[in-house]
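A.B. asks: Below you will find the structure I want to go over with you.
The values are calculated or read from the model by the stated rules, or taken from the named source; none is laboratory data. If you're wondering where the values come from, they're calculated on a predicted model, not measured in any experiment. We place every Cβ from the backbone using ideal geometry, glycine too, and count neighbours over all the protein chains shown. To get the accessible areas, we keep the full protein, side chains included, count just its heavy atoms, and leave off ligands, DNA and RNA. Shrake-Rupley method; radii C 1.70, N 1.55, O 1.52, S 1.80 Å.
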Amino acid sequence: LFDYTLNETRYYWTLGISFLINIIITMVHEGVDSFEKWKNTLTETEQLKTAYTQSQLLGLKSQVNPHFLFNSLNSLSSLISEDETKASTFLDELTKVYRYMLRSPDEKMVTLGTELQFIRSYFYLLKARYGDCVQLQVDTDETANNKFVSPLILQTIFEYSINSNVLLKECPLSFLIGIDPNGKLLVQNNMQVKQTAVSAGIEGIANLMEKYKLISDERVEISRNHDIFSVTIPLIPGTKMLQHEMGLAK
């Protein structure tokens, strides 16, 4: 065109240099992208470590909570004089509770079934202390029980609700543990809020929400509707837990 004569040597040099520049630009682009992903992963890992550390600290505080231990020993003392069989059962459940609490800092996640076993023992102690002022109903299935949750998650919610509400025999604080239509864990209780504001347990629930934000795309949801306090918690499938531990999924 326009009497242009192709210089093959210059043509091949141009192709070679263009190819080389393209490779360099691609490598720089991929390098920057990989660095950003690595930085984000590192940040998420540090946040997750912080969340687990805070969770362990809160779990440790629960383990050595002098009020809980004192009240439990008082209940045990009363049962010994009233009914030795009930006292023996109470001691067995107290042992299960503290064994689980001592083991929980080493467990990042546990199956829902394992957590439910613990909360039944924990609730037995509450029932011995508060009697008909507290009630519990559990309605889950085997599929949900094999999925994973954060350890002490139910105890955190129970502790917050008990510290925040008035306990009355004529109007008991009733807990419901079930599965919602979306397959998430649903924990509910009626609200009979104390006039004196209580902040106990707030840190545990806040930490719970942060931890799930890092582990799952779905978040813990808290709502208060028509005098009902509800906490909806994602259940983590075993396959996703494995991927998360291997660093293949958020």
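A.B. asks: Residues of region 154-164 being over 18 Å from the mean Cα position of the chain (by Cα), of a type outside the set (A, V, I, L, M, F, W, C) and crowded, with 18+ Cβ neighbours inside 10 Å, which ones?
C.D. replies: Ser164
A.B. asks: So which residues in region 93-122 are more than 18 Å from Asp139 (Cβ to Cβ) and basic (Lys, Arg), if there are any at all?
C.D. replies: Answer for region 93-122, where residues must be more than 18 Å from Asp139 (Cβ to Cβ) and basic (Lys, Arg): Lys96, Arg99, Arg103, Lys108.
A.B. asks: Which residues, counting only those in region 102-122, are more than 12 Å from Val149 (Cβ to Cβ) and buried (at least 21 other Cβ atoms within 10 Å of the Cβ)?
C.D. replies: The answer is Tyr122, and nothing else.
A.B. asks: Right, something else. Which of the residues spanning region 95-143 are more than 15 Å from the chain's Cα centre (by Cα) and farther than 25 Å from Ser164 by Cα?
C.D. replies: Thr95, Lys96, Arg99, Leu102, Arg103, Thr140, Asp141, Glu142, Thr143
A.B. asks: Can you name the condition, by its number, that Glu44 falls short on among (1) at pLDDT 80 or above; (2) surrounded by 10 or more Cβ atoms within 10 Å (Cβ to Cβ)?
C.D. replies: The number of the failed condition is (1).
A.B. asks: Further question on the same structure: Restricting attention to region 1-15, which residues are among the hydrophobic types (A, V, I, L, M, F, W, C) and either open to solvent by 100 Å² or more (accessible area, probe 1.4 Å) or more than 60 Å from the chain's Cα centre (by Cα) (or both)?
C.D. replies: Leu1, Phe2, Leu6, Trp13
A.B. asks: Still on this structure, please answer the following. Of the numbered conditions (1) within 18 Å of Leu235 (Cβ to Cβ); (2) open to solvent by less than 30 Å² (accessible area, probe 1.4 Å), Phe148 satisfies every one except a single condition; which is it?
C.D. replies: Failing condition for Phe148: (2).
A.B. asks: Any residue in region 223-250 that's at pLDDT 65 or above and open to solvent by less than 30 Å² (accessible area, probe 1.4 Å): show its pairings with residues that are in a helix (DSSP H, G or I) and not hydrophobic (A, V, I, L, M, F, W, C) at Cβ separation under 8 Å, as long as the two are six or more apart or on different chains.
C.D. replies: Correct list of pairs: Phe229/Ser161; Ile233/Tyr212; Pro234/Tyr212; Ile236/His244.
A.B. asks: Continuing with the same structure: Might you let me know whether region 176-194 holds any residue that is modelled with pLDDT under 75 and open to solvent by 30 Å² or more (accessible area, probe 1.4 Å)?
C.D. replies: Checked region 176-194: no residue is modelled with pLDDT under 75 and open to solvent by 30 Å² or more (accessible area, probe 1.4 Å).
A.B. asks: Residues that are basic (Lys, Arg), out of contact with any Lys or Arg (no Cβ under 8 Å at 6 or more places or on another chain) and under 27 Å from Lys96 (Cβ atoms): which helices (runs of 4 or more DSSP H) entirely in region 116-219 hold 1 or more of them?
C.D. replies: Here the list reads 202-215.
A.B. asks: Taking the conditions exactly as written (among the aliphatic types (A, V, I, L, M), at pLDDT below 85 and surrounded by 13 or more Cβ atoms within 10 Å (Cβ to Cβ)), does Met209 satisfy them or not?
C.D. replies: Answer is yes for this residue.
A.B. asks: What are the residues in region 131-145 that are crowded, with 17+ Cβ neighbours inside 10 Å and either more than 29 Å from Lys213 (Cβ to Cβ) or in contact with a His (Cβ under 8 Å, 6 or more places away or on another chain) (or both), if any?
C.D. replies: Cys133, Val134
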